[in-house]
Structure formats: structure tokens, C-alpha cells
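Single-structure report; data block below.
No value in this document is a laboratory result; all are computed from the given coordinates. Note that the coordinates shown come from a computational prediction; the quantities given were computed from them, not determined experimentally. Note that we place each Cβ from the backbone using ideal geometry, even for glycine, and neighbour counts take in every protein chain shown.
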Amino acid sequence: MHIVIGGGPAGFMAAVTARRTDPSTPVVLLEAGRQVLRKVRVSGGGRCNVTHDCDDPARLVTNYPRGTRELRGPFTKFGPAAVADWFAAEGVALKSEPDGRRFPVTDRSASVVDALTAAAHGAGVEVRTGVHVTALRAVEGGFAVETGGGATLDARRVVLATGGATSAGSGPSGFDLAQSLGHEIVPPVPSLFTFTCRTALLKGLAGRSATVRLAAAGHASEGPLLVTHRGVSGPAVLKLSALGARDLHDAGYRFELRVDWLPDTSDADALLRKQIDTHGRRQVAGDHPSSLPRLLWAALVREAGVADAARWADLGRDPRRRLAALLKETVLPVTGQTAFKEEFVTCGGVALGEVDFRTMASRVQPGLHLAGEVLDVDGVTGGFNFQACWTTGWLAGNALGDRE
Ligand SMILES: Cc1cc2nc3c(=O)[nH]c(=O)nc-3n(C[C@H](O)[C@H](O)[C@H](O)COP(=O)(O)OP(=O)(O)OC[C@H]3O[C@@H](n4cnc5c(N)ncnc54)[C@H](O)[C@@H]3O)c2cc1C
């Protein structure tokens, strides 16, 4: 018998694949919670962003701040197109949104949950819920899997698919179990969060958005930024939070966020000079040469020390230069972070050097495989986190089914 620990997307994919590859070996999936696939159910705002429309492994891996190198090979074997085919065969057709995110055509995460549970049932996977694995010991010929209920199960091989830092609930986590078998755990810190920033400049601007370039702690990102009541959010912020997850954590989430409001304009001063020449009689705060929302522009004008009523023709050299500088680099003081409501993941986990990414086998403990977020792998938003789970779960399942 094989045991899969963790009833999330990685565990389900591993268990189903193992049974289908080798129907003669029983597979038991143990889930601590009362419900399996809890995160899949709530994911993507209830729609489940299953994967991303990107079939070039080299490009796909750039969406993973951790796992970039290691996931490239696995994605050639079971990438987004293979995932779409897999779900289509289970009766769940996927559609792509213009930004590349892929959802079930039903727009319901329940379709994905139902397909995975039906696939597990059909393949003969025995799913046991409410079973928390409290200890995992290597014994002759396999593993002794101890559960909270006091029972000990014997397994020939084990897949650890226990998810990230927030997945375990109370009791030992997958990190504890992996560590007890000799694995190194890269300390977990949050990824995918928004920035708290209470500065006068952003006051009254909640809901306004702009396409920007951001930089902080040696990391940079580009894309839409959304001003919120607490600070800033949006794809560019989330991406930066993922890229800088560890550095920003180490800084206690107190850092300077540099915003380039005109990423496509290299010479902002030239843009302003042209505006002076062509629209001198118009108001600086009200009529501007950028695509920034009017209120945001007006706030930057005020921040540059330009009077609300000033006209372009009256804009002196110094205020013009101050405004140009501010447009290319506004420094926002960030004082904290808030979990993003749609999706948050763990940066950190089982050290990647200790895993063979052809089979997801542990290099530390023979017979142990690892899949999903328990690994030090995480992606930005857009379906990349589930994709890593499908891929690593599928590889682990295949390896389990391979009776070598
Ligand atoms: C609100 C939210 C929305 C998200 N939306 C998306 C999205 O749309 N697209 C996307 O790509 N990603 C999304 N993510 C991220 C994605 O959900 C995770 O990356 C993914 O679920 C990780 O899968 P996993 O199988 O590794 O772990 P999990 O889904 O966390 O599952 C692990 C399971 O293991 C169980 N477990 C843990 N320890 C033990 C133990 N000792 N014994 C027994 N069982 C145990 C847990 O109870 C849990 O059910 C979202 C995350 C959140 C929080």
C-alpha cells in the first residue's frame, strides 16, 4: 500500500495517477481536515484558476520566484496543455481569459473538486478525512505512518503533499514530518501579499489604478497598481511581494517602495516641456499628458509643490523638474503587509536540492516523494501555484505507480 498525506490538489493528482499507473497497489489518501480540496473550493474567488495559458516551459518558469530552475524539466512532461487535457478527459473543459488565466468553463471551482474526487473514486483511491498524520517513521520495507487517532499504518511509499505553512491546522505540519526524516526546511514566510502604506499622497485615492514599474529591496515588477484604503495592491504589488518575499520579511515589512508612474516614458521632463509648449494655458493639475487617473495626477502635482491653480505656462524649471522626478520615482514608505484575499502562498518549504524533480523522490529518504506547496516552490498569481501542484503531483504519482 502507498499513502498520500494531504488531500489538496497535489495529493489528489498524485493518488489518482499512482492508482492509474499501477492498479494493483492500494493507495490511501489521508487528510487532516473534514473536507478535501478545501483551497481548490475557495480558489480564484470560487472559480478556481486551474492553470495558465503558457506552454513554453522556459517562459512558464519565470512566474516562479522559487523553483525556476527545478520546474523547467517537469513542465515539459506535464505542463498547462497536459493539465487542460487531463481535466477535459475528466469532463472539465477549461477556458482562457485575456490575461492568460484558465478557469473551468462552468466558472465554478466545484467542477474541479467534483472531477478530482470522482477521478479518485474511479481509480479506487481510498480517501480518509479527519486523519491527521502525527509522525512518519522509516521502517524496514517502507514507512510507519502514525495518525492522531493512535493508529499506525504501514506504507511501502509515501507522498508528502501537505501544503504550505497555513495548511496543517493544529498538530504537526508536513514541514515537521519532512524534517523528522532528515529534510532541511527553508524557513516559511508569506508570499503574495499587499503593502500597507499610510502616506498623505495616497489619501482619498482608493480605487484608482495605474500601470507602473515598482522596485523595493533589490526586486522589481511591472503591471497594474491599485490604491486601496490601507495602501497598495494589484498585480504589480503581488508580483513584487512574491519576488521579494524573503527580503521584505527580513526587513519586517518596513521598506521604501519606489514607484515609476510612467514606465513607458524615459524622459518625463521632456514630456512636461512639450505640455508647456502646446497647452500652456491649461491647468497643470487638471490637464495632463499621461494616462494616470486625474486624482492621482493631481496628488502628484501637489506633492511636487505645484499650486492647484497653476497653469502649465507658469510652471517654473524647478517645480517642473520636481514633478518629472516624482513621476519617475515616488518613494512610498511601506509599514506592513496584509494577506491578499484571493490567494496567498508560502515561500519556503522542503529544500529543492534534496528532491529529484524527475520523480519528486526525496534524495534524503528513499521511498518518500514530495509534491505541491510543501516544497520550496511558489508562483505569482495567475494559476501558477495549482500548475506546480498538478505537475509535481503527477510526477510523484507516476513514480509511485512505477513498480521498479
Ligand atoms: C484563498 C486562496 C485562493 C487561491 N486561489 C488560487 C488559484 O485560483 N490558483 C492557483 O494556482 N492557486 C491558488 N491558491 C494557491 C493554492 O491554493 C495552493 O498553492 C495549493 O492549494 C497548494 O496545494 P497543495 O496540494 O500543495 O496543498 P493544500 O491545498 O494546502 O493541501 C494540503 C492538505 O494537506 C492537509 N494536511 C496538512 N498537514 C497534514 C497532516 N499532518 N496530516 C494529514 N493532512 C495534512 C491539509 O489539511 C490540506 O488539506 C489559492 C490559495 C488561497 C489561500
Evaluated at q = 0.13, 0.14, 0.19 Å⁻¹: base-10 log I(q)/I(0), Debye formula over Cα of region 1-124: -0.56, -0.66, -1.17
Taking the alpha-carbon centre of each part, the distance from region 176-217 to region 383-404 in Å is 28 Å
Can you give me the three principal axis dimensions of region 310-364 from its C-alpha atoms, in Å, biggest first? 70, 24, 18
Which whole-number percent is the relative contact order of region 73-159 (Cα, under 8 Å, 6+ apart)? 14 percent
Over the chain, what is the relative contact order in whole percent, taking alpha-carbon pairs under 8 Å and six or more residues apart? 25 percent
Partner aspartates and glutamates for K39 [C-alpha distance under 14 Å; skip if fewer than 8 residues away on the same chain]: E31, D114, E342, E343, E373
Working note, region 119-212: Cα radius of gyration (Å, one decimal) and Dmax (Å, whole number) are 21.2, 66
Taking a ≥ b ≥ c as the square roots of the Cα gyration tensor eigenvalues, with a/c under 1.5 meaning rounded and otherwise prolate when a/b beats b/c or oblate if not, region 171-254 comes out prolate
Please state the charge dipole magnitude for region 193-339, taken about the Cα centre, from unit charges on C-beta atoms (+1 on K and R, -1 on D and E), reported in debye and rounded to the nearest 20. 320 debye
Per residue and in cubic angstrom, what volume does the convex hull of the Cα atoms of the chain have? 136 Å³
Relative contact order of region 138-250, pairs being alpha-carbon contacts under 8 Å that are 6 or more residues apart, as %: 19 percent
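Which whole number of Å³ per residue matches the convex hull of the alpha-carbon atoms in region 193-339?
95 Å³
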Between V189 and R254, what is the label-to-label distance in nm when each label sits 7 Å out along the Cα-to-Cβ direction? 1.5 nm
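Tell me the trypsin sites (Lys or Arg not before Pro) within region 134-224 that lie in a loop according to DSSP and have at most 12 other beta-carbon atoms within 10 Å.
Here the trypsin sites (Lys or Arg not before Pro) that fit, given the DSSP loop and packing criteria, are K203.
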Which of the trypsin sites (Lys or Arg not before Pro) found in region 20-71 are loop residues per DSSP with 13 or fewer other Cβ atoms within 10 Å of their Cβ? R34, R69
Mind listing which trypsin sites (Lys or Arg not before Pro) in region 287-342 are in a DSSP loop and have 14 or fewer other Cβ atoms within 10 Å? K341
Where both residues lie in the chain, what percent of DSSP beta bridges are antiparallel, nearest 5? 75 percent
Find the centroid of the Cα atoms in region 117-162 and in region 295-327, then give the distance between the two in whole Å. 64 Å
Sequence-distant lysines (8 or more away, or on other chains) whose Cα lies within less than 19 Å of K274: K328
Simple spin-label estimate for D402/L295, 7 Å along Cα→Cβ, in nm, reads 5.7 nm
Cα to Cα, under 19 Å, and not fewer than 8 places away if on the same chain: which lysines meet these conditions relative to K239? K341
